[in-house]
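Peer 1: Quick one: the structure is below, and I'll ask about it shortly.
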Ligand SMILES: [Zn+2]
Ligand SMILES: [Zn+2]
């Protein structure tokens, strides 16, 4: 064993030079990333809507927060993200139908201000993409008029996104936003939708994957754009440590290859939110294997779903509608499993 280990070590030493170009770190030493924690479970796994707050707030670390909408207000139950720099905070997305994000957001920002001995911080409100389940709260957030968090609102449109992040060539270029001692990189990734973006935080190594990389069904509207965006994201993350890819939804169960039916509110035994760069490589390889002919492709943690006739068959649509109706009918008292 020892002899074999030495050979492996020797080989590894010889390969170090060539591997560095594509490796994420040269030593398993944490890479100086700011650490954070993710919860073991989310409230979406609890059976009683009466016990679930409108928004679950999770402190990943003192300057990075994940908020999740209650499953009882919308089965989409999206995640939104709040990241603080020294001079500004960035809110990514405003929640889905009936989300009512403003009160929970105001409480969180005010608690952060109190803990940091401050009275106000400018708040940038931007988005992972333009779909309604991530922008529904836009108007309410713009109407807050709270002097503790004056809002700069960036609509989820390509032109506004280019301008704000300083992107000359969409979608090829990488944009940036400086929160004060914290520069975030913005990677355009159209495909799921026209204005889809990913956001990389070099301080924590967290990559926000939006609706393009999350444990569930990745609906693809523009397949060639999606394929190019995956390549862009793989290239961007080459040589960078990716601690977690955090997307906008969980639709996958903890059982491999098994998702919840479309429209599920209560989700016992959910898949964890975080995915690794490995999943990104897996999706990229899956899409390449299709050679330009989109099809549904199911992996352990994630599925690719081209939108169009294959998106939802009439049978699936009927099952979905029946399922949502049943779920809503018993939302106050689901049965624990
Ligand atoms: Zn979407
Ligand atoms: Zn979504």
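Peer 1: If you check every pair at least six apart or on different chains, which have Cβ atoms under 7 Å apart with a residue in segment 203-216 that is over 22 Å from residue 59 (Cβ atoms) and in contact (Cβ under 8 Å) with a residue 12 or more places away in the chain first and a residue that is more than 11 Å from ligand 1 (Cβ to nearest atom) and in a strand (DSSP E or B) second?
Peer 2: Pairs found: 212/198; 213/245; 213/275; 216/252; 216/259.
Peer 1: Could you run through segment 238-259 and say how many residues are more than 16 Å from ligand 1 (Cβ to nearest atom), touching a residue at least 60 places away in the same chain (Cβ under 8 Å) and either more than 15 Å from the chain's Cα centre (by Cα) or under 12 Å from residue 280 (Cα atoms) (or both)?
Peer 2: Selection size over segment 238-259: 6.
Peer 1: Going through segment 243-299 one residue at a time, which ones are in a strand (DSSP E or B) and over 19 Å from residue 312 (Cβ atoms)? Quick ask: steps written out before the conclusion?
Peer 2: So in segment 243-299, the residues in a strand (DSSP E or B) come out as 244-247, 252-253, 259, 270, 275, 297-298.
Result: 244, 245, 246, 247, 253, 270, 275.
Peer 1: Continuing with this model, one more query. Could you give me the residue pairs with C-beta distances under 6 Å whose first residue belongs to segment 275-299 and is free of Cβ contacts under 8 Å to residues at least 40 places away in the same chain, whose second residue is loosely packed, with under 14 Cβ neighbours inside 10 Å and in a loop (DSSP other than H, G, I, E, B) wherever it lies, and which are 6+ apart or on separate chains?
Peer 2: 296/310
Peer 1: Can I ask one more? Let me spell it out: the conditions are (1) within 16 Å of ligand 1 (Cβ to nearest atom); (2) surrounded by fewer than 19 Cβ atoms within 10 Å (Cβ to Cβ), and residue 208 meets all of them except one. Which number is the exception?
Peer 2: If we test residue 208 against (1) within 16 Å of ligand 1 (Cβ to nearest atom); (2) surrounded by fewer than 19 Cβ atoms within 10 Å (Cβ to Cβ), just (2) comes out false.
Peer 1: Can you pull out every residue in segment 125-164 that is within 16 Å of ligand 1 (Cβ to nearest atom) and touching a strand residue (DSSP E or B) at 6+ places or on another chain (Cβ under 7 Å)?
Peer 2: Step one: of segment 125-164, the residues within 16 Å of ligand 1 (Cβ to nearest atom) are 126-138, 155-158, 161.
Result: 126, 127, 128, 129, 161.
Peer 1: Would you call residue 199 part of a strand (DSSP E or B), out of contact with any helix residue (DSSP H, G or I) (no Cβ under 6 Å at 6 or more places or on another chain) and within 16 Å of ligand 1 (Cβ to nearest atom)? Give the derivation first.
Peer 2: On the way: part of a strand (DSSP E or B): yes; out of contact with any helix residue (DSSP H, G or I) (no Cβ under 6 Å at 6 or more places or on another chain): yes; within 16 Å of ligand 1 (Cβ to nearest atom): yes.
Against the criterion (part of a strand (DSSP E or B), out of contact with any helix residue (DSSP H, G or I) (no Cβ under 6 Å at 6 or more places or on another chain) and within 16 Å of ligand 1 (Cβ to nearest atom)), residue 199 qualifies.
Peer 1: A further question follows. Against the condition in contact with a helix residue (DSSP H, G or I) (Cβ under 6 Å, 6 or more places away or on another chain) and on the phi > 0 side of the Ramachandran plot, how does residue 180 come out, does it pass? Give the steps one after another, and end with the answer.
Peer 2: Numbers: in contact with a helix residue (DSSP H, G or I) (Cβ under 6 Å, 6 or more places away or on another chain): no; on the phi > 0 side of the Ramachandran plot: yes.
No, not satisfied.
For (1) at positive phi; (2) at pLDDT below 90, each residue gets a yes or a no:
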| residue | (1), (2) |
| --- | --- |
| 257 | yes, no |
| 270 | no, no |
| 279 | no, no |
| 291 | yes, no |
| 294 | no, no |
| 312 | no, yes |
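Peer 1: Can you name the residue in segment 218-237 that is under 26 Å from residue 267 (Cβ atoms) and out of contact with any helix residue (DSSP H, G or I) (no Cβ under 9 Å at 6 or more places or on another chain) and is also nearest to ligand 2 (Cβ to nearest atom) among such residues?
Peer 2: Once the filter is applied, the top-ranked residue is 219.
Peer 1: Report whether or not residue 111 is away from ligand 2 (no atom under 16 Å from the Cβ) and farther than 18 Å from residue 55 by Cβ.
Peer 2: Details: away from ligand 2 (no atom under 16 Å from the Cβ): yes; farther than 18 Å from residue 55 by Cβ: no.
Criteria not met by residue 111.
Peer 1: Further question on the same structure: If I filter segment 132-145 down to residues being loosely packed, with under 15 Cβ neighbours inside 10 Å and more than 17 Å from the chain's Cα centre (by Cα), which single residue comes out as nearest to residue 163 (Cα to Cα)? Before you say what the answer is, go through the steps one by one.
Peer 2: Filtering segment 132-145 down to residues loosely packed, with under 15 Cβ neighbours inside 10 Å leaves 132, 139, 142-143, 145.
Narrowing the set further to residues that are more than 17 Å from the chain's Cα centre (by Cα) leaves 139, 142-143, 145.
Working: 139: 21, 142: 19, 143: 23, 145: 24 Å.
If we take residues in segment 132-145 being loosely packed, with under 15 Cβ neighbours inside 10 Å and more than 17 Å from the chain's Cα centre (by Cα), then 142 is nearest to residue 163 (Cα to Cα).
Peer 1: A further question on this structure: Is it the case, given these coordinates, that residue 129 is in a helix (DSSP H, G or I), in contact (Cβ under 8 Å) with a residue 60 or more places away in the chain and surrounded by 16 or more Cβ atoms within 10 Å (Cβ to Cβ)? If you could, list the steps in order and put the result at the bottom.
Peer 2: On the way: in a helix (DSSP H, G or I): no; in contact (Cβ under 8 Å) with a residue 60 or more places away in the chain: yes; surrounded by 16 or more Cβ atoms within 10 Å (Cβ to Cβ): yes.
When the stated conditions are applied, residue 129 does not pass them.
Peer 1: In addition: Going by the conditions given, is residue 324 more than 17 Å from the chain's Cα centre (by Cα), crowded, with 17+ Cβ neighbours inside 10 Å and not in a strand (DSSP E or B)? Walk me through how you get there before you give the answer.
Peer 2: Details: more than 17 Å from the chain's Cα centre (by Cα): yes; crowded, with 17+ Cβ neighbours inside 10 Å: no; not in a strand (DSSP E or B): yes.
Judged against the criteria, residue 324 is not a match.
Peer 1: Inspect all residues belonging to segment 174-184 and state whether any of them is within 16 Å of ligand 1 (Cβ to nearest atom), without any contact (Cβ under 8 Å) to a residue 60 or more places away in the chain and in contact with a strand residue (DSSP E or B) (Cβ under 8 Å, 6 or more places away or on another chain). Working first, answer last.
Peer 2: Here is the first cut: in segment 174-184, the ones within 16 Å of ligand 1 (Cβ to nearest atom) are none.
No; the residues of segment 174-184 include none that is within 16 Å of ligand 1 (Cβ to nearest atom), without any contact (Cβ under 8 Å) to a residue 60 or more places away in the chain and in contact with a strand residue (DSSP E or B) (Cβ under 8 Å, 6 or more places away or on another chain).
Peer 1: Further question on the same structure: Residue check: is residue 215 in a loop (DSSP other than H, G, I, E, B) and within 16 Å of ligand 2 (Cβ to nearest atom)?
Peer 2: It is true that residue 215 is in a loop (DSSP other than H, G, I, E, B) and within 16 Å of ligand 2 (Cβ to nearest atom).
The values are calculated or read from the model by the stated rules, or taken from the named source; none is laboratory data. Model, not experiment: these values are computed from the prediction. Backbone-built Cβ (ideal geometry, glycine too); neighbour counts: all protein chains shown.
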